[in-house]
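*Asks:* First the structure, then my questions, so here it is.
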Amino acid sequence: EDPALLAEFEARIARGESIEPKDWMPERYRRQLVRMMSQHAHSEVVGMLPEGNWITRAPSLRRKLSLLAKVQDEAGHGLYIYCGTETLGVDRQQLLEELITGKAKYSSIFNYPTLTWADMGVIGWFVDGAAIVNQTALAKHCSYGPYKRAMVRVCKEENFHKKQGFESVAALAQGTPAQHAMVQDAVDRWWWPTLMMFGPPDSDSPNSAELLRWGVKKYTNDELRQRFVNLTIPQAQAVGLTLPDPSLRFDEATGNWVFGEIDWNEFWQVVKGDGPCNRERVAARRAAHEDGEWVRAAATAHAEKKAARGAT
Ligand code: FAQ
């Protein structure tokens, strides 16, 4: 690669300019973005499954409407980010193929089961809360224009998701003793996997150095994880729920909440395909793809007919 082009590329990033699809970029930059954005798009699409599980069982019309809207938003985010990867010259078919054959990565969090209705509230509060912390940094600072702009819109919708989740959690926490116990149990199950969403510790994060250098990431995995913990603990206290970590304590000197050791063995096991629901999730996506074959065939036939008639 031409060192002068690389120097100019890095100078543009240092000036805070956005890199756009037709601009020159190092091949490693392109590959890193395709990796990160495609994993993100897959996460949105697979992320519909744990919640989709509860749409037919929502306890009221109002709850059902907001859950339906949330899941639909996630489909939109996935499609939006897949379009972003296409600006980098990637074929979407190939990405989908990698997802349904189990080769692609997507967020570890979506490989856990949704056992009770309270999980819907806690996912909105924790999982969307974590997504917002991670993605507002991308929306403000990411050096790749199409991804940065996608994140601005996605974050607005994630905020709504988080609010409906927290409101649902607050209602259950103030409800009957059984409802309180159900939501506490959901908090206990989702807390640690949510902390894992931010990725491995900085000491074990092979991609961070390059992503930070090229302004894709502004903050490290551990920095964002800490920010999420600091924001979330007061919210748990406000609704009278506890977090399943006996070593949580506030450190006056740093202003941070200190938390216990994350089980990184569990994280890597889930990332490598051996979590509680990995196989089920990939099988569900594969079935959806196969069931949709007739729609793709019809759309292609329609496009061919139109082209044959000379219509645009
Ligand atoms: N799960 O070197 P690093 C959502 C992999 S939010 C699985 O630290 P990096 C919204 C990583 O890919 C969730 N794999 O990687 C929603 C790498 O493997 P590779 C999606 C993980 O890129 C809410 C290896 O470990 N959000 O969907 C995870 O610097 C509710 C080494 O890691 C995004 O994708 C993990 N948690 O940092 C939807 C945000 N963590 O590729 C529905 C954008 C790491 O080398 C319902 N992405 N790995 O083979 C990012 O910010 C970054 O990519 C990180 C990982 C922070 C996820």
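*Asks:* What is the spin-label model distance, in nm, from Asp202 to Val258 if the labels are put 7 Å beyond Cα along the C-beta direction?
*Replies:* 1.8 nm
*Asks:* Say we join alpha carbon atoms closer than 10 Å with springs in a Gaussian network model of the chain; which of Pro146, Pro59, Pro201 then has the biggest fluctuation?
*Replies:* Of Pro146, Pro59, Pro201, the Gaussian network model singles out Pro59 as fluctuating most.
*Asks:* With a Förster radius of 30 Å, plug the Cβ-Cβ distance of Glu17 and Glu223 into 1/(1 + (r/R0)^6) and report the FRET value to the nearest 0.05.
*Replies:* On the way: r = 24 Å, r/R0 = 0.79.
Calculated value: 0.80.
*Asks:* Can you show me the helix-derived [θ] at 222 nm for the chain, built from DSSP H runs with n ≥ 4 at -39,500 (n - 2.57) apiece and divided by the number of residues, rounded to the nearest 500.
*Replies:* After summing the helix terms and dividing by the residues of the chain, the value is -21000 deg cm²/dmol.
*Asks:* Taking DSSP loops as anything outside H, G, I, E and B, show the longest stretch in the chain free of GluC sites (Glu not before Pro) there with at most 12 other beta carbons within 10 Å.
*Replies:* That would be 2-251.
*Asks:* Here is a further query. Between Leu6 and Leu115, 0.36 nm times their residue separation minus their Cα-Cα distance comes to what?
*Replies:* Taking 0.36 nm per residue and subtracting the Cα distance, the gain is 34.2 nm.
*Asks:* Name the residue, out of Pro200, Pro177, Pro244, whose mean-square fluctuation peaks in a Gaussian network model built on the chain with Cα pairs under 10 Å.
*Replies:* The residue with the greatest mean-square fluctuation here is Pro177.
*Asks:* Build a GNM of the chain with springs between Cα atoms under 10 Å: which of Thr242, Thr254, Thr300 gets the top mean-square fluctuation?
*Replies:* Thr300
No lab work stands behind these numbers, since they all come straight from the coordinates. Owing to the predicted nature of the structure, the values given are computational and were not obtained by experimental measurement. Here the Cβ is made from the backbone with ideal geometry for all residues, glycine too, and neighbour counts use every protein chain on show.
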